[in-house]
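> Below is a structure I'd like to ask you about.
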Amino acid sequence: MSTATFTSPTVSEFDGEAQHKQSARPSPASRPLAAVTGAELQAPLIQGGHVRYANLDYGASAPALTVVSAYLNEILPYYASVHRGAGYASQISTSVYENARNIVRDFVGGRADDSVIFTRNTTDSLNLLAGCLPVEDGRHTGEVLYLDIEHHANLLPWQGVPHRSIVAAGTLAETIANVRTALSHGGISLLAVTGASNVTGEILPIKALAALAHEFGSRIVVDAAQLAPHRRIDIAAADVDYLVFSGHKLYAPFGAGVLVGRPDWLDAGTPHLAGGGAVREARLDSVSWATGPARHEGGSPNVLGAATLARATQVIASLDHDEWHAHEAAIRSHLVDGLNEIDGVTVHQIFSDTDPQDTIGVVNFSLQGYDAGLVAAYLAAEHGIGLRDGRFCAHPLLKRLGLPSGSLRASFGVGSRLEDATRLIAGIQALKSNGLGWDYVVDAGRWVPANDHRSYPEWAPNTPGTAGAAPCSTD
């Protein structure tokens, strides 16, 4: 068992100072842009007392919008099976589920004939598409091209098909040039790119990349899991062939995912889930598969997940574009500026030529001399701040950034406020000035406070640390 022990007990005085600084700094982000469920959640501190939970982990799962939570309660009484039920509730549920496709298609600027397929999550959507790559005479007609900066969801599915990878260059301009070179060699059927890095928040120029792909006869899929909650997307205008994202990052519960895109590959591809609803006719030893979304939605679908995802897109689409961007930009610039002023802190990015305007609400950083997991545990236990540590399911990128053991990621969105960033800055300052105020140990691969006697809801089966570390946090 690993331990970390420091003797400085004073950390909470920075909270009052942070609030004073916040009140003295007018900002577009002094208040949340939209109401989210759990915004005033009180987190117990290891040294006693409670503080409002500062949720800086939106990039993993964003809190549900209160409007979406209310909508869920409204439709729950009508929840029933879809498509084959003659009953009143089934008819309502079917209508809600099918209309969700139209709402999502409109949200992303989809073409009239684009398929909208509901899945379990973004990872599921990309695996589905991997099974639909064109095949002739039993062989794939081309390779999938992807960068080394991708989340595993947009990397691992392609390793089971013919593929080619590119190491991103030090600048975005050079990287796009390298993509062009790779495409020019031919043999690429699909270019797979992220819309915004889940590690650093840097946005890629998807319209330019789509034009490149089409210039050389390829198609493009964009992993918009991080982009969709922060930027408007119009796939018809950008000429993007396929787009995927998840509800749990877009302020909806249940984690449903979606794949939107051109129907020809999808209608000819291998059905993603063999089962009821995906067939025209099933026989004892053969089957005639359906086309359209039904082909890939075998079994009972996540009706509530699709419905709440669609409702969340409506709320996000209604936001004032300028206010939305100003809100996130104010928080991000304040956080980056504050972290850069702390000795030993490094804020990480992939490309040296990234325009600050072309970033979403994600900041990645590390603190010299401290394990990222220990810093995250300290911030949670002693300051009531939640953020992510580790390798963010992007192992090649973390190694490339010189962070093989991981770093820290603060992420935020419409429910965040400037005070959250101020508290994080103050927490890191306190750690640098006073050290840890509590003893910490490694339990099942995660740093946790030693002798943690805080109380948790009686329905919570485990206290923090007992669930162990995620497999991708270790080599």
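The values are calculated or read from the model by the stated rules, or taken from the named source; none is laboratory data. Just so you know, these numbers come straight off a predicted model, no measurement behind them. Every residue, glycine among them, receives a Cβ derived from its backbone with ideal geometry; neighbour counts consider all protein chains shown. Surface areas here come from the heavy atoms of the whole protein model, side chains and all, with no ligands, DNA or RNA. Shrake-Rupley method; radii C 1.70, N 1.55, O 1.52, S 1.80 Å.
> If I ask for residues that are part of a loop (DSSP other than H, G, I, E, B) and farther than 19 Å from residue 63 by Cα, which ones from the range 354-391 would you list?
354, 355, 368, 369, 370, 371, 391
> Right, here's the next one. Within the range 416-430, track down each residue that is open to solvent by 10 Å² or more (accessible area, probe 1.4 Å) and in contact with a Pro (Cβ under 8 Å, 6 or more places away or on another chain).
417
> May I ask you to list pairs of residues, at least six apart or on different chains, whose Cβ atoms are under 9 Å apart, with the first in the range 132-146 being closer than 25 Å to residue 293 by Cβ and the second being among the charged types (D, E, K, R)?
132/267; 134/264; 144/164
> Right, here's the next one. Within the range 110-128, is there a residue that is open to solvent by 30 Å² or more (accessible area, probe 1.4 Å), in contact (Cβ under 8 Å) with a residue 40 or more places away in the chain and among the acidic types (Asp, Glu)?
The answer is yes; a qualifying residue exists.
> If we keep just the residues of the range 319-349 that are of a type in the set (Asp, Glu) and assigned to a helix (DSSP H, G or I), which is nearest to residue 365 (Cα to Cα)?
Among residues in the range 319-349 that are of a type in the set (Asp, Glu) and assigned to a helix (DSSP H, G or I), the one nearest to residue 365 (Cα to Cα) is 337.
> When both residues are 6+ apart or on different chains and their Cβ atoms are under 8 Å apart, which pairs have a first residue that lies in the range 284-303 and is at positive phi, and a second that is open to solvent by less than 30 Å² (accessible area, probe 1.4 Å) and of a type in the set (S, T, N, Q)?
292/115
> Related question: Would you please name the residue that is nearest to residue 370 (Cα to Cα), looking only at residues in the range 383-398 that are surrounded by fewer than 24 Cβ atoms within 10 Å (Cβ to Cβ) and either at pLDDT below 95 or of a type in the set (A, V, I, L, M, F, W, C) (or both)?
398
> Is there a residue in the range 83-99 that is in a helix (DSSP H, G or I), touching a helix residue (DSSP H, G or I) at 6+ places or on another chain (Cβ under 6 Å) and either under 23 Å from residue 189 (Cα atoms) or modelled with pLDDT under 95 (or both)?
Looking for residues that are in a helix (DSSP H, G or I), touching a helix residue (DSSP H, G or I) at 6+ places or on another chain (Cβ under 6 Å) and either under 23 Å from residue 189 (Cα atoms) or modelled with pLDDT under 95 (or both), one finds none in the range 83-99, hence no.
> If you go through the range 129-156 one residue at a time, how many are in a strand (DSSP E or B) and either surrounded by fewer than 18 Cβ atoms within 10 Å (Cβ to Cβ) or not aliphatic (A, V, I, L, M) (or both)?
The qualifying residues number 6.
> For a quick check of your reading of the model, give me the residue pairs whose first member lies in the range 178-192 and is without any contact (Cβ under 8 Å) to a residue 40 or more places away in the chain, whose second is among the polar types (S, T, N, Q), with beta-carbon atoms closer than 8 Å and at least 6 apart or on different chains.
183/218
> Right, residue 291: in contact with a helix residue (DSSP H, G or I) (Cβ under 6 Å, 6 or more places away or on another chain), hydroxyl-bearing (Ser, Thr, Tyr), open to solvent by 40 Å² or more (accessible area, probe 1.4 Å) and closer than 25 Å to residue 106 by Cα or not?
When the stated conditions are applied, residue 291 passes them.
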